[in-house]
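K.L.:
One structure is given below, represented as structure tokens, and several questions about it will come after.
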Amino acid sequence: MISPRVKRLVDTPFAGYIRFAVWMLIAFAPAAAAILIARKIEAQGSVPLQVTAFFIWACGLSGAIWFLATEDRRNRLFDVLRPIGVLAPVAYAANVLLIAVPFFGSLTQVLLARGAIHLTGNPERAMDLYLWHFLGEIPLLKVNETLLWDQPMAYHEARVGWLLLLFKVTVILPVIAAFRGYWTYTHPKRQEVK
């Protein structure tokens, strides 16, 4: 028979680990699903199916971004998510980014395959292009320069620039605002000091 004290010493860390693992699986399942969906859309040869899939995906992504678009909406979202876990709002914002990168990457690959846009480099790295632009927008860290990560693909036409600009305005700005907003949400005294 195990003593209650030993049982607590074993059960408590194990239960914490299980809670953490389940939370991580739930938190990042949408991002994993987004990558799988992206691969299915890219492999699909039917234009109507691709357009329909991108439209549905864009509507869902727009809805998720809507909650991050203004400070008032972000704070209401943080109020709802915080009881789930202290990092739930951060996971939400990270998931928006991790769902948007495959969306824009897959859209770019489909447009490349159809000849609607032109990029130089490996088309398989289209998602990397959007991630590269996100990391380049993180203030102070200079992630791309620090990691010596060159731009994965090059473009020389405005249509690709418009896609990147759309990504920056609709995804990068709200996600960075969410991370920054969560900091002031959790540290309200720092906001009052200003």
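The values are calculated or read from the model by the stated rules, or taken from the named source; none is laboratory data. Here the structure is a predicted model, which is why all the values come from computation and not from measurement. For neighbour counting, all protein chains shown are included, and Cβ atoms are generated from backbone atoms with ideal geometry for every residue, glycine included.
K.L.:
Can you name the residue in region 19-51 that is surrounded by 11 or more Cβ atoms within 10 Å (Cβ to Cβ) and β-branched (Val, Ile, Thr) and is also nearest to GLY85 (Cα to Cα) among such residues?
P.N.:
ILE26
K.L.:
Moving to a separate point now. What is the number of the single condition among (1) in contact with a Lys or Arg (Cβ under 6 Å, 6 or more places away or on another chain); (2) under 20 Å from PRO89 (Cα atoms) that PRO152 does not meet?
P.N.:
(2)
K.L.:
Give all pairs with beta carbons closer than 7 Å in which a residue from region 33-50 that is polar (S, T, N, Q) meets a residue that is at pLDDT below 90; count only pairs at least 6 apart in sequence or on separate chains.
P.N.:
Hits for this filter: GLN50/GLN44.
K.L.:
Out of (1) touching a residue at least 40 places away in the same chain (Cβ under 8 Å); (2) under 22 Å from LEU68 (Cβ atoms), the odd one out for HIS187 is which?
P.N.:
(1)
K.L.:
Continuing with the same structure: Somewhere in region 149-159, is a residue surrounded by 17 or more Cβ atoms within 10 Å (Cβ to Cβ), under 22 Å from LEU68 (Cα atoms) and of a type in the set (Ser, Thr, Tyr)? Outline the logic, then answer.
P.N.:
Step one: list which residues in region 149-159 are surrounded by 17 or more Cβ atoms within 10 Å (Cβ to Cβ), which gives 152-153, 155.
Keeping just the survivors that are under 22 Å from LEU68 (Cα atoms) gives none.
No; the residues of region 149-159 include none that is surrounded by 17 or more Cβ atoms within 10 Å (Cβ to Cβ), under 22 Å from LEU68 (Cα atoms) and of a type in the set (Ser, Thr, Tyr).
K.L.:
Filter region 77-95 down to residues that are without any contact (Cβ under 8 Å) to a residue 60 or more places away in the chain and more than 17 Å from TRP183 (Cβ to Cβ), then give me how many there are.
P.N.:
3
K.L.:
Moving on to the next point. Just one of the numbered conditions (1) at pLDDT 80 or above; (2) under 13 Å from ILE99 (Cβ atoms) is not true of ALA27; which one?
P.N.:
With respect to (1) at pLDDT 80 or above; (2) under 13 Å from ILE99 (Cβ atoms), ALA27 is out only on (1).
K.L.:
Another one. Where residues in region 160-184 are without any contact (Cβ under 8 Å) to a residue 24 or more places away in the chain and farther than 16 Å from PHE134 by Cα, which of them is surrounded by the fewest Cβ atoms within 10 Å (Cβ to Cβ)?
P.N.:
Filtering first and then ranking leaves TRP183.
K.L.:
Identify the residue in region 99-148 that is in contact (Cβ under 8 Å) with a residue 24 or more places away in the chain and aromatic (Phe, Trp, Tyr) and, among all such residues, is surrounded by the most Cβ atoms within 10 Å (Cβ to Cβ).
P.N.:
Among those residues, the one meeting the criterion is TYR130.
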